[in-house]
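Since the structure comes first, as structure tokens, the remarks are kept for the end.
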Amino acid sequence: MPTLLRDTYTVFARAMRMSLRNPAWLLISLMQPILYIVLFGPLLEPLAAQLGPGNAYQIFVPGILVQLGMFGALFVGFGLIAEWRAGVIESQRVTPASRTALLLGRVLRDVVVLLTQGVLLVLVAIPLGLRAPVAGVALTLLVVALLGAALAAVSYALALTLKSEDAFAPLLNAVVFPIVLLSGILLPMTLAPGWLQAVSDVNPFKHIVEATREFFIGGYGTANAWWGVALTVLLAVLGWLFGVRRFRRESS
């Protein structure tokens, strides 16, 4: 265990240094969700009565946070492909470092970045009208962190399998956008026709979004809230197992 922790910290510190050397990308990745909040959020205020309990931002901001966790994590694989092409992955494979640590260190960096972005998004939304309990925001950020860890592990595993941006990008586009559209991130799926609601019910991300919205209005003990949390934990476990297995197989 001490070796795993030491190796994980070494990989995490290297990945974090690389991120801090170019902080502009952090701000650039924040621009889209901030624009959503600033430009799209006010359009929802007249519809607040139809959207459910809470004001428009209590419904909209949690969805944007989940979207940030999804996009911010799923696209990290592009960086791994670049590292593989530069020979970084090969050089790490010949070291005695734990293969689990090679993945865990990178995923921890991604979670730290996601949490930083999430806090900034909440701070931006407060002057615009967001009112949410601190505990609800904290629980939502925890869900986003778990979701981001799961999807980052999957992204790294897929990148290590495909080793090509030309194959990786179309795969993400084919999977991510239908999931996002059916998750009710921008608008609750209760506004959709019945057949579309039925299709979205099989999308776990829809239930995760609904859970975070419950947290933002103080609904900590509802079935929707903890069903979403349970699905998040399940995705985290499955994503981690898939990622670790792929890293170990690559190094065998």
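Laboratory data are not the source of any read-out in this text; all were calculated from the coordinates shown. Just so you know, these numbers come straight off a predicted model, no measurement behind them. Counting neighbours? That spans all protein chains shown, and the Cβs are built from the backbone with ideal geometry, glycine included.
Based on Cβ point charges of +1 for Lys and Arg and -1 for Asp and Glu, what charge dipole magnitude is obtained for the chain about its Cα centre, in debye rounded to the nearest 20? Working shown, then result.
On the way: 17 positive and 11 negative charges, 166 e Å.
For this selection, approximately 800 debye.
For the chain, take the longest principal axis of its alpha carbons; what is the angle in degrees between that and the long axis of helix 24-35, to the nearest 10 within 0 to 90? The angle comes out near 20 degrees. The computed mean projected area of the Cα convex hull in nm² for the structure shown corresponds, within (1) 15.3; (2) 12.8; (3) 14.0, to (3). Note on the stretch 69-86 and the stretch 224-244: Cα centroid distance 21 Å, given to the nearest whole angstrom. Specify the inter-centroid distance of the stretch 160-187 and the stretch 1-21, based on alpha-carbon positions, in whole Å. Here the answer is 28 Å between Cα centres.
Under 1.5 on a/c is rounded, so check that first for the stretch 132-215, then, if it is not, pick prolate when a/b is larger than b/c and oblate when it is not; a ≥ b ≥ c are the square roots of the alpha carbon gyration tensor eigenvalues. Oblate, since a/c reaches 1.5 and b/c is not below a/b. The angle between the Cα long axis of helix 56-74 and the main principal axis of the chain comes to about 20°, on a 0 to 90 degree scale. Below 8 Å between Cα atoms, with a sequence gap of 6+, how large is the relative contact order for the stretch 76-166 in percent? Once normalised by length, the contact order is 61 percent.
Taking a ≥ b ≥ c as the square roots of the Cα gyration tensor eigenvalues, with a/c under 1.5 meaning rounded and otherwise prolate when a/b beats b/c, else oblate, which class fits the stretch 212-251? Could you put the intermediate results ahead of the total?
On the way: a/c = 7.25, a/b = 4.09, b/c = 1.77.
Here the stretch 212-251 falls in the prolate category.
For the chain, the longest principal axis of the Cα atoms and the long axis of helix 204-216 meet at an angle of about 60 degrees. Dividing the summed helix terms, -39500 (n - 2.57) for each DSSP H run of n ≥ 4, by the number of residues in the chain produces a 222 nm estimate of -25500 deg cm²/dmol to the nearest 500.
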